[in-house]
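Notes follow the structure.
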Amino acid sequence: MEKILILDLYPKTSYRISKDTSGGYGTGNDFGSKKFIPRMLKYLMRRNSDWPPMFAAYTYACLKKRNYDVSFSNSIPKNINDYKVIIFTSSIAACNYERDQLKQLSQIDKPIFVIGPFASNNPDYYMMKNVIIVKGQPEFYFLKSEFLNDINKQETDEFFLENLDDLPIIEWSEISNLNKINNLFGYGRSIPILATRGCPYSCFKYCVYPLQQGRKVNQRSVENIISEIEHNLKFNKVKTFIFRDPVFSINRNHTIEFCKKIIEKKINFKFVIETHLRILDSELLDLLKKSGLIGVKVGVENFDTELLKKEGRFTVSRDDQLEKIKEIKSKNIAISAMYIIGFPSDTKDSMKNTLNYAIKLNTTYAQFSIWTPYPSTPVFKEFKDKILTKNYENFTQYHLVYKHDILDKFIVKSFLEECYQKYYFRFNWFIDYLSGYIKIFQFKN
């Protein structure tokens, strides 16, 4: 059987690069370097949060399922000539480095399949000798197709399948350090997991998730999800799972069925989700908590709800946000709230209002990023004449990459640092975080 190598390469940077976040385009958590808190956060993220993109991890699992001799590496091995095929991960956050590495690899006269949403939607960026761009969802391509017949192509046919139960369980211990995969909420050993793909919400104009996953929600069966959880509990001693769904619990009945089955089987594990506040009513929160929910990531985005409407972003009213976050806190569930500055309609005052609102909410964690019109999204076409840089590696959500009508890019970057400095350098946050940590994490991995 042919040997296959999956290469997941990263440049050396002072900040953490994740190729899995932002719909598989990837982000680079460059919080800033002028203030103490942003520098510390950059260090902690690089040290405590590191996992391969799920599209690459599933590609590995699919090839293993088909009994291929497949290896996964973060560096180019000395025996690279022993491999029949190379599979290469792409991202926007490291695209220049990736292209340089590809130029070298293309000289060894091996077929190189480039995978990931960024390459799939921007194929010209990687097009060169011996390179084949995998269009669509690569895990299903390598699971179902006779891919060795495509080694003379420049692009594959688009592959999108809806039955997520076809995906095999990822053996994370074979491709990553289980102790370092994800420590975002500070609870130790944990791994990513998937329940659904696809998001129907209106922010598709800006969001890259629909580019790869579509707007139709596809879901794994409850039995299939639980079998993966039980497998990792037994063989990898992992007790915490990070659901990587764009919007967990978007199908309420599916979520309720999942929770009830977990409770019925008395499976002891913890999990974190990302979802919308409007979905989390009291009944569902209680059920999720009883099933093992310890953390929630939610998008608050901006203080000004009228600004968000103007920008086509969906949110709930401030009163609803305050009440819902207060309720989540009361149930001893950690909250990570996500905010965006640098919207086209933003001003210095509106950004300050967003920071003050974040401080008022005082969630367990706060993530601040800069509004970014990603290549291949509808909004990118609208802003193509305003884009300030041709360097796609700056499209990481931590740099202003377009000409703002009011704000200078250096002002926005400086304010981003100020957000992290002022939010986390507070006595009230520290006390609230410490007391919440003691209540929430009363278990050991």
- [ ] Can you tell me which residue within the stretch 221-261, out of those that are assigned to a helix (DSSP H, G or I) and among the aromatic types (Phe, Trp, Tyr), is surrounded by the fewest Cβ atoms within 10 Å (Cβ to Cβ)?
- [x] PHE235
TODO: Name the single residue, out of those in the stretch 134-155 being among the charged types (D, E, K, R), in a helix (DSSP H, G or I) and under 28 Å from the mean Cα position of the chain (by Cα), that is modelled with the lowest pLDDT.
DONE: LYS144
Task: Inter-residue pairs, beta-carbon under 7 Å, first touching a residue at least 40 places away in the same chain (Cβ under 8 Å) and in the stretch 325-337, second among the basic types (Lys, Arg), 6+ apart - done: LYS331/LYS289; ASN332/LYS439; ILE333/LYS289; ILE335/LYS329; SER336/LYS297
TODO: Just give me the residues in the stretch 327-369 being of a type in the set (A, V, I, L, M, F, W, C) and in a strand (DSSP E or B), in sequence order.
DONE: ALA334, ILE335, ALA337, MET338, ILE340, ILE341, ALA366, PHE368
Open item on the list: Condition first: under 21 Å from the mean Cα position of the chain (by Cα) and of a type in the set (Gly, Ala, Ser). Now tell me which residues in the stretch 244-287 satisfy that.
Closed with: SER249
TODO: Kindly indicate whether any position in the stretch 175-183 is over 21 Å from the mean Cα position of the chain (by Cα), loosely packed, with under 14 Cβ neighbours inside 10 Å and at pLDDT below 95.
DONE: no
Task: Within the stretch 75-95, considering residues that are surrounded by 14 or more Cβ atoms within 10 Å (Cβ to Cβ) and among the polar types (S, T, N, Q), the one farthest from ASP8 (Cα to Cα) - done: SER91
Task: Wholly within the stretch 15-133, helices (runs of 4 or more DSSP H) carrying at least 3 residues that are free of Cβ contacts under 8 Å to residues at least 24 places away in the same chain and under 23 Å from the mean Cα position of the chain (by Cα) - done: 36-48
Task: Checking TYR424 against (1) at pLDDT below 95; (2) over 28 Å from LEU211 (Cα atoms), the condition it does not meet - done: (1)
Task: Matching entry among GLU323, GLU311 (being of a type outside the set (Ser, Thr, Tyr) and closer than 18 Å to THR364 by Cα) - done: GLU323
Open item on the list: Take the residues in the stretch 370-390 that are touching a residue at least 40 places away in the same chain (Cβ under 8 Å) and either on the phi > 0 side of the Ramachandran plot or in a strand (DSSP E or B) (or both); name whichever of them is surrounded by the fewest Cβ atoms within 10 Å (Cβ to Cβ).
Closed with: SER376
Open item on the list: Please go through (1) among the aromatic types (Phe, Trp, Tyr); (2) assigned by TED's automatic domain parsing to the domain that holds ARG46; (3) crowded, with 20+ Cβ neighbours inside 10 Å for TRP172 and return the number of the only condition it doesn't satisfy.
Closed with: (2)
TODO: Select from the stretch 1-23 the residues that are touching a Phe, Trp or Tyr at 6+ places or on another chain (Cβ under 6 Å) and either surrounded by 16 or more Cβ atoms within 10 Å (Cβ to Cβ) or among the acidic types (Asp, Glu) (or both) and write down the one among them that is nearest to PHE118 (Cα to Cα).
DONE: GLY23
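The values are calculated or read from the model by the stated rules, or taken from the named source; none is laboratory data. Keep in mind that what you see is a predicted model, and the values were worked out from it rather than measured. Glycine gets a Cβ as well: all are built from the backbone with ideal geometry, and neighbour counts include every protein chain shown.
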